Amino acid sequence: MSSGIIPPESLLGAYAQGVFPMAHEGEILWFSPEMRGVIPLDARFHIPHGLKKALRKRPFEIRWDTAFLEVMRGCADREETWIDARILDSYRGLHEMGFAHSVECWDAEGLQGGLYGVALGKVFFGESMFSRKTDASKIALVHLVERLRMHGFQLLDTQWLTPHLATFGAYEVPRDEYQELLRAALADLIRATNPSPPAVP
């Protein structure tokens, strides 16, 4: 792990305040958007009809946390990315501590897509997703929502709203409202220097 990582306590402290990092031209920038993207974990979560058909065919084996760095690299494999070596090493540290997780779609040819994010209290902060085959990242998202519901999570943060996420029922909330949702979802978290990671996988 490189010496230039973002310290885990800094990352977790930032997430607890609704702030997240992105790399840009060698620098780490910190963001707290005025309008925050959120995916509902209740009945408002919507699975598009075509995706329901794909899910019934079970095209992928779903795995959790078996290839975290490979998922991050898959997310970074695009023309423009905010995931650089420092971000990779920093989140690898969170993963080794049990706070960062990957949802992976595998088939006979290997890893075909997935997503990763950070779990803290009853919040999952979605970071990025990718697909090498049709619907892989979407299927990973559906399985993430199912698992978060199973473990009583209250908030699935997507940072910004995109047209793609809107098809699942994602919506925007103002920063003040997001902070209220965040505080409620972190209410049971013991505010200690080294909080214990919540159960997700």
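Quick check on the chain: helices-only [θ] at 222 nm, where DSSP H runs of length 4 and up contribute -39,500 (n - 2.57) each and the sum goes over total residues. Nearest 500, please. Don't jump to the answer; show the numbers that get you there.
Values: 7 runs with 70 residues, N = 201.
Dividing the helical sum by the residues of the chain leaves -10000 deg cm²/dmol.
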Cα-based radius of gyration of the range 55-175 once divided by 2.2 N^0.38 Å, which approximates compact folds: 1.02
For THR134, solvent-accessible area (1.4 Å; no DNA, RNA or ligand), Å²: 120 Å²
task: Just report the Cα centroid separation between the range 40-77 and the range 108-127, whole Å.
output: 9 Å
task: Using DSSP to define loop residues, name the trypsin sites (Lys or Arg not before Pro) in the range 77-155 whose beta-carbon has at most 11 other beta-carbon atoms within 10 Å.
output: ARG78
- prompt: Of the GluC sites (Glu not before Pro) in the range 1-52, which ones lie in a loop per DSSP and count no more than 15 other C-beta atoms within 10 Å?
  reply: GLU25, GLU34
task: Could you tally the net charge around TYR171, taking each other residue with its Cβ under 10 Å from the Cβ of TYR171, Lys/Arg +1 and Asp/Glu -1?
output: +1
query: Using a 1.4 Å probe, what is the accessible area per residue for the range 1-135, in Å²?
result: 48 Å²
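Determine the dipole magnitude for the range 23-96: charges of +1 sit on the beta-carbon of Lys and Arg, -1 on that of Asp and Glu, nothing else is charged, the reference point is the Cα centre, and the result goes in debye to the nearest 20.
Values: 12 positive and 13 negative charges, 170 e Å.
Once rounded to the nearest 20, the dipole reads 820 debye.
Hey, got the dipole for the chain? About the Cα centre, +1 on K and R Cβ, -1 on D and E Cβ, debye to the nearest 20? The partial results should precede the final answer.
Values: 21 positive and 26 negative charges, 174 e Å.
Once rounded to the nearest 20, the dipole reads 840 debye.
Count of lysine pairs in the chain with Cα atoms under 25 Å apart, counting only pairs 8 or more residues apart in sequence or on different chains?
Numbers: LYS52/LYS133; LYS52/LYS138; LYS53/LYS133; LYS53/LYS138; LYS57/LYS133; LYS57/LYS138; LYS122/LYS138.
Lysine pairs, 8 or more places apart or on different chains, close enough: 7.
Based on the Kirkwood radius over alpha-carbon pairs, what value in µm²/s does the Stokes-Einstein equation return for the translational diffusion coefficient of the range 1-84 at 25 °C and 0.890 mPa s? If you can, show how the numbers build up before the last one.
Values: Rh = 16.5 Å.
For these conditions, the coefficient is 148 µm²/s.
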task: Please report, in cubic angstrom per residue, the volume enclosed by the convex hull of the alpha-carbon atoms of the range 92-136.
output: 83 Å³
message: With a 1.4 Å probe and all protein chains left in place, how much of the accessible area of the range 20-149 comes from carbon and sulfur atoms, in whole percent?
response: 47 percent
- line: Taking the dipole of the chain about the Cα centre (Lys, Arg +1; Asp, Glu -1; charges at Cβ), the one of LEU111, TRP82, SER32 that reaches farthest to the positive side is LEU111
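Ignoring ligands, DNA and RNA, how do MET22, MET72, MET97, MET150 rank by accessible area with a 1.4 Å probe, largest first? Walk me through the numbers before you get to the answer.
Working: MET22 30, MET72 0, MET97 85, MET150 140 Å².
The ranking, largest first, comes out as MET150, MET97, MET22, MET72.
Mind checking the alpha-carbon convex hull of the range 18-65 and giving the volume per residue in Å³? Could the numbers behind the result be given before it?
On the way: hull volume 9.5 nm³, N = 48.
Looking at the range 18-65, the number lands at 198 Å³ per residue.
The values are calculated or read from the model by the stated rules, or taken from the named source; none is laboratory data. None of these values were measured; they are calculated from a predicted model. Positions of Cβ are backbone-derived with ideal geometry, glycine not excepted, and every protein chain shown enters the neighbour counts. To get the accessible areas, we keep the full protein, side chains included, count just its heavy atoms, and leave off ligands, DNA and RNA. Shrake-Rupley method; radii C 1.70, N 1.55, O 1.52, S 1.80 Å.
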